[in-house]
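Have a look at the structure below before the remarks.
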Amino acid sequence: MLDLQRLRALHAVSVHGTVGAAAAALGYTPSAVSQQIAKLERETRTVLLEREGRGVRLTPEAHRLAATARELLAIVERAETELEERRGVPAGRLSVAAFASAMRGLMPSVTAGLAHRHPALDVRLTEVDPDLSVDLVAKGAVDLAVAHDWDIAPLPAPAGLEHAVIGDDLCDLLVPEGHPFAGRTAVRREDLGGERWICQPPGRVCHDWLVRTLRTAGHEPDIVHQAEENPTLVALVGAGLGVALIPRLGRGPLPEGVVEVPLDPMPVRRLYAVWRTGAARRPAIAETVRALREHWPRVSAHASPDRRHRSVHEISCDFPVPLPKHTGT
């Protein structure tokens with residue numbers, strides 16, 4: 001008889017690529033994951049992991065077993081959903097992946113509120129890039145993702161996922177005090193040529209958005225500094241080293257020496273909650289999505305003018321909505 005927890009460990013390694021990443025996602029130590037897979041190898045009399053440099057790779061047999069594990073875990077999830085649905089109370093473990101500024105600006109208060117209202121619900125958070133988090137939901141590695149997209153980079157749409165819109169996060173131009181834009185009420189994108197830019201590294205959505213937006217406006221961006229975290233970008237702007245486009249969520253109060261200037265038109269990224277089709281029947285999913293949407297106006301007083309946030313009691317009608325198709329742009 002194959003042990004489900006050991007299959008879960010193998011599935012996690014197949015999804016995350018390394019024992020360490022799988023351990024972090026499962027809330028175990030790497031040693032514990034390695035032990036689970038070693039026991040699974042003894043049970044199946046099959047080599048599942050092989051050394052490859054400093055890491056490991058799955059054998060062909062392990063890939064087949066991991067695919068079976070995914071099917072079994074999906075069956076278990078359906079059974080757990082049915083039981084929780086019958087009880088009608090959010091309960092059990094709920095794994096949530098969210099991008100960095102949502103982890104900082106939205107998830108702490110939402111998760112604390114859920115813990116207070118539903119003691120039987122155990123929400124576990126992991127910081128993950130939006131594109132990766134959606135894929136983790138599709139593969140069954142996490143239950144729910146808080147992700148975002150931009151107009152030029154629609155959210156990827158793997159089959160079998162649904163979503164609800166959480167809200168719209170606006171993005172401002174940040175400049176050093178004394179910069180020619182600092183006294184402006186708004187700046188057009190056409191006026192952004194010749195600036196020294198501070199942004200995230202290539203491959204990140206915000207970096208790609210900046211490059212495409214400036215090129216569309218006829219400017220080749222001069223990117224002089226790159227950093228992963230928004231607070232670091234703000235600090236670099238405050239030191240007078242360039243300008244940056246930074247979303248408002250999780251940004252916090254601006255330090256002295258940094259001035260916020262609206263762009264015209266203003267860039268917007270849209271936040272989504274994403275889950276597997278049918279999982280909204282689970283009270284834990286439904287209640288978490290409600291909490292995210294209910295809390296959004298409290299963490300962002302700058303919602304876009306044309307978007308109205310509806311009552312929390314109206315949210316459930318949005319659940320059976322497939323993700324928009326990815327255009328590839």
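Taking the Kirkwood radius as Rh and the Cα radius of gyration as Rg, segment 186-238 has a ratio of Rg/Rh equal to 0.96.
The H on the amide N of Val243, modeled in the peptide plane, is under 5 Å from the matching H of Arg196, Trp197, Ile198, each at least 5 residues off or on a different chain. To put it simply, the accessible area of the chain at a 1.4 Å probe is 52 percent carbon and sulfur.
Grab the Cα-Cα distance for Asp264 and Arg124, subtract it from 0.36 nm times how many residues apart they are, and report the gain in nm with one decimal.
On the way: separation 140, 0.36 × 140 = 50.40 nm, distance 3.87 nm.
Extra length from Asp264 to Arg124 when fully extended: 46.5 nm.
The stretch between Leu241 and Arg196, if pulled fully straight at 0.36 nm per residue, gains 15.4 nm over its current Cα-Cα span. First check a/c for segment 222-306, with a ≥ b ≥ c the square roots of the eigenvalues of its C-alpha gyration tensor; if it is under 1.5, answer rounded, and if not, answer prolate when a/b is larger than b/c or oblate otherwise. Prolate is the answer for segment 222-306, as a/c is 1.5 or above and a/b outweighs b/c.
Hydrodynamic estimate: the Kirkwood radius of segment 106-245 over Cα pairs, inserted into Stokes-Einstein at 4 °C and 1.567 mPa s, corresponds to D of 74 µm²/s.
Modelled label positions at Gln5 and Arg87, each set 7 Å beyond Cα in the direction of Cβ, lie 1.9 nm from each other. The angle between the Cα long axis of helix 283-299 and the longest principal axis of the Cα atoms of the chain comes to about 10 degrees, rounded to the nearest 10.
Can you tell me the alpha carbon radius of gyration of the chain divided by the globular rule-of-thumb value 2.2 N^0.38 Å? Could you put the intermediate results ahead of the total?
Numbers: Rg = 22.0 Å, N = 329, 2.2 N^0.38 = 19.9 Å.
Compactness ratio reported: 1.11.
For segment 90-126, no residue has its backbone nitrogen under 15 Å from a point 7 Å from the Cα of Arg281, taken along Cα to Cβ.
Subtract the Cα-Cα distance of Asp151 and Ala32 from 0.36 nm times their separation in residues, and report this length gain in nm to one decimal. Write down the numbers at each step before the final one.
Numbers: separation 119, 0.36 × 119 = 42.84 nm, distance 4.24 nm.
Fully extending the segment from Asp151 to Ala32 adds 38.6 nm.
Each Lys and Arg Cβ is given +1 and each Asp and Glu Cβ -1; about its Cα centre, the chain then shows a dipole of about 840 debye.
Ranking Pro267, Val56, Cys206 by how far each Cα lies toward the positive end of the dipole of the chain (charges on Cβ) leaves Val56 at the top.
Judged by the ratio a/c of the largest to the smallest principal axis of the C-alpha gyration tensor, segment 3-128 counts as oblate, that ratio being 1.5 or greater while a/b is no larger than b/c. What angle do you read, to the nearest 10 degrees and between 0 and 90, between the alpha-carbon axis of helix 4-16 and the longest principal axis of the chain? Here the helix axis deviates by roughly 30 degrees. Excluding ligands, DNA and RNA, the accessible surface per residue across segment 130-241 is 40 Å² with a 1.4 Å probe. Modelled spin labels at Asp131 and Thr216, positioned 7 Å past Cα toward Cβ, are 1.8 nm from each other. Taking every DSSP bridge with both residues inside the chain, close to 65 percent are antiparallel. Rounded to two decimals, the Cα radius of gyration of segment 55-172 over 2.2 N^0.38 Å is 1.22.
The values are calculated or read from the model by the stated rules, or taken from the named source; none is laboratory data. Just so it is clear, the model here is predicted, and its values are computed rather than measured. Heads up, the Cβs are rebuilt from the backbone with ideal geometry, glycines too, and the neighbour counts pull from every protein chain shown. Just the protein is used for accessible areas: all its heavy atoms, side chains included, with ligands, DNA and RNA removed. Shrake-Rupley method; radii C 1.70, N 1.55, O 1.52, S 1.80 Å.
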